[in-house]
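Notes to accompany the following structure.
The values are calculated or read from the model by the stated rules, or taken from the named source; none is laboratory data. The shown structure was predicted, so the numbers you read here are calculated from the model rather than taken from an experiment. As a convention, Cβ positions derive from the backbone with ideal geometry for all residues, glycine included, and neighbour counts pool all protein chains shown.
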Amino acid sequence: MLNLRKPQTVAAANGVATDSAFGAVTPPLYMSSTYAFAGFEKAGAYDYTRSANPSRDMLADTLAKLEGGAGAVVTSSGMAAIDLMLGLLGRDDLVVAPHDCYGGTYRLLAARRDRGHFKVEFVDQNDDAALSAALAKSPSLVLVETPSNPLMRIVDIKRIAGRAKAVGAKVAADNTFLSPALQRPILLGADFVIHSTTKYINGHSDVVGGAVIAASKADVEALAAWANVIGVTGSPFDAYLTLRGVRTLFPRIERQQSNAAAVAAFLEGHSLVAAVHYPGLKSHPGHELAKAQQAGFGAMLSFELAGGVENVRRFVEAVGIFTLAESLGGVESLVAHPTSMTHAGMSAEARRIAGISDSLLRLSVGLEAEADIVAGLESGLAAVAAGSRSQKAS
């Protein structure tokens, strides 16, 4: 029997060769929606798949072990995971959230706030005065997103968790951009870790899912009970595929972040790029903090293209390798324009406050050959240069 101590081993082997029925090496897929009772008033471990399912539980157990939590609840999407956690709050509870969080998270928090489900304050969590003012209002939950989407800002999880707990608040960290391969927020003091498992956890852009991992057993039980009430649990087949993706999480992200480092270095030295946001660069303001709380810098980055929206259009229409699409974390390289895509649900004013400009592009760097990825970017930038010259000539 393997001694599952290292996260790499957990990802590759948790649940392997545990099938007692036929000795299957790969954990079986249980598609049944319902399960037979042994007799009258004799329910087994499973009765109905919305409540619990062996395939989903295997994924939850693996994610909990990877994140160092007491347990996990697997949901139908990343947004369902966030909403599940928010469902534990009441109308008088205050959530302190990042001012530059993912657009879908911002939209959800604002919508629930406007319906009176709880209160929300969007705060620059690197602004000590702003964070202190928010914490002084005794929030129930502090939501952290680091690196942030899409500006790759880094916040100190351990420091924020300590300050939040001092005022009685729990801390939830969205770890989607890094995965437990590169960051483990519970070990830094977080009470919850949230994932869109659609992204790096699954890694193949073919499953939509989410998960909440909790540090305490009591919180796991509360989340599981509420998930059963509202019916947001993920499907067995999606859980089976996601666990299949987890098996290669560590080697995938190692190669992807190597490619991303090369991309960041290339873009930082290009005359048509006004700024590059990647914590792996020494020029990034969060570089030292990222080194301290992360095991790597990840494969996500964003950059400001000089020349405005017209140059953005030229770039995305000519770039090679990168596909213009939302989502991230798959084996393929993707480019997104946050203003018109992932963060379109935020108002122009909210984007302005967050620092998300119309010239910003977000890259999810995949597993393609480094030379091909850089060549693809060169094609896009060459089109920008040619367009600019043509415009000047006219």
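Starting from residues that are within 18 Å of the chain's Cα centre (by Cα) and of a type outside the set (S, T, Y), keep the ones in the stretch 357-373 and report whichever is farthest from V123 (Cα to Cα).
Per the criteria, the residue is G366.
Check the stretch 47-58 and report whether any residue there is surrounded by 15 or more Cβ atoms within 10 Å (Cβ to Cβ), on the phi > 0 side of the Ramachandran plot and in contact (Cβ under 8 Å) with a residue 12 or more places away in the chain.
No: the stretch 47-58 contains no residue that is surrounded by 15 or more Cβ atoms within 10 Å (Cβ to Cβ), on the phi > 0 side of the Ramachandran plot and in contact (Cβ under 8 Å) with a residue 12 or more places away in the chain.
What number goes with the only condition from (1) farther than 20 Å from A129 by Cβ; (2) surrounded by fewer than 24 Cβ atoms within 10 Å (Cβ to Cβ) that T198 does not pass?
Every listed condition holds for T198 apart from (2).
Is it fair to say L334 is buried (at least 23 other Cβ atoms within 10 Å of the Cβ) and either more than 23 Å from E268 (Cβ to Cβ) or under 19 Å from the mean Cα position of the chain (by Cα) (or both)?
In short, no.
Of the conditions (1) closer than 25 Å to V193 by Cβ; (2) modelled with pLDDT under 95, S51 fails just one. Which one is it?
All conditions are met except number (2).
Looking at the stretch 135-151, which of its residues are buried (at least 24 other Cβ atoms within 10 Å of the Cβ) and either hydrophobic (A, V, I, L, M, F, W, C) or outside any loop (DSSP other than H, G, I, E, B) (or both)?
Across the stretch 135-151, the qualifying residues are V142, L143, V144.
What is the one condition in (1) part of a loop (DSSP other than H, G, I, E, B); (2) farther than 15 Å from A190 by Cβ that A130 does not satisfy?
Answer for A130: the failing condition is (1).
Here is a list: M85, M58, M31. Which entry is of a type outside the set (D, E) and touching a Gly at 6+ places or on another chain (Cβ under 9 Å)?
Going through M85, M58, M31 in turn, the sole match is M58.
Would you point out which residue out of F297, F266, F303 is over 26 Å from R184 (Cβ atoms) and within 24 Å of the chain's Cα centre (by Cα)?
F303
Looking at (1) more than 26 Å from V232 (Cβ to Cβ); (2) surrounded by 14 or more Cβ atoms within 10 Å (Cβ to Cβ), can you tell me which one R5 breaks?
(2)
Please enumerate the residues belonging to the stretch 152-175 that are part of a strand (DSSP E or B), among the small types (G, A, S) and without any contact (Cβ under 8 Å) to a residue 40 or more places away in the chain.
Matches in the stretch 152-175: A173 only.
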